[in-house]
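The values are calculated or read from the model by the stated rules, or taken from the named source; none is laboratory data. These numbers come from a predicted model, not from an experiment. Cβ: placed from backbone, ideal geometry, glycine included. Neighbour counts: every protein chain shown.
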Amino acid sequence: MLNTLQYNGHYTYFHDLYIENFDPILPAGEIQEGIQLPPFIKKYCDELVESDGIVIIHPNWWGQPPAILKGWIDRVFRPGVAYEFLEGDKGEGIPKGLLKARSAIIFNTSNTPAEREERVFGDPLETLWKNCIFRLCGVTQVYRRTFRIIVTSSENQRRKWLREVAETISQFYPKE
């Protein structure tokens, strides 16, 4: 995925939150808009604001992203960075999205069959990423693809999935 973006001439920011030992806990002092952010959070915010596109990859953990990724969203997709409330709105209304990213792509892995996911859970990740995060932050083109069943997949199947990822990336972010 990263190679495809770079091959297509796109500058990339790449983060592995685990390797970076990202702290997902949102401290109370960081909630308010306009405060001085810790430098590492400000860096993530600046990169998010500058980005023309966003790609997120994560496993489906109990119908949610892993806690570390959810904490990153909580700390980085913040008021004044990813969205704002209109004058007079104290947070009870619908925010105005601020991100300039034209699209977001989310790749998930799962061990739950698609039929069961839809029937039993209603695909909560689809709702979360499209409606609760990206569209509220101004990103209107949101594509999500889940690769399943990971636990019993073959090496050949995983290679096919990686080719599909590269093709999808090239569709959304073609050569410049």
Candidates LYS100, LYS130 - the one that is closer than 21 Å to CYS45 by Cα and touching an Asp or Glu at 6+ places or on another chain (Cβ under 8 Å): LYS100
Listing of helices (runs of 4 or more DSSP H) fully contained in the stretch 1-114 that carry 1 or more residues being closer than 21 Å to GLU126 by Cβ and modelled with pLDDT of 95 or more: 67-76
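If you take the residues in the stretch 115-130 that are in a helix (DSSP H, G or I) and out of contact with any strand residue (DSSP E or B) (no Cβ under 9 Å at 6 or more places or on another chain), which one is nearest to GLY80 (Cα to Cα)?
Kept after step one, since they are in a helix (DSSP H, G or I), are these residues of the stretch 115-130: 115-121, 124-130.
Within this subset, residues satisfying the condition of being out of contact with any strand residue (DSSP E or B) (no Cβ under 9 Å at 6 or more places or on another chain) are 115-116, 118-121, 127.
On the way: GLU115: 39, ARG116: 39, GLU118: 35, ARG119: 38, VAL120: 37, PHE121: 33, THR127: 23 Å.
So, considering only residues that are in a helix (DSSP H, G or I) and out of contact with any strand residue (DSSP E or B) (no Cβ under 9 Å at 6 or more places or on another chain), the one nearest to GLY80 (Cα to Cα) is THR127.
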Filter result (crowded, with 18+ Cβ neighbours inside 10 Å and closer than 17 Å to ARG135 by Cβ) within the stretch 79-117: VAL81, ALA82, TYR83, LEU99, ALA101, ALA104, ILE105, ILE106
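What residue, of GLU30, GLU50, GLU20, is of a type outside the set (A, V, I, L, M, F, W, C) and over 30 Å from PHE172 (Cα atoms)?
Values: GLU50 fails: over 30 Å from PHE172 (Cα atoms); GLU20 fails: over 30 Å from PHE172 (Cα atoms).
That would be GLU30, the only listed residue that is of a type outside the set (A, V, I, L, M, F, W, C) and over 30 Å from PHE172 (Cα atoms).
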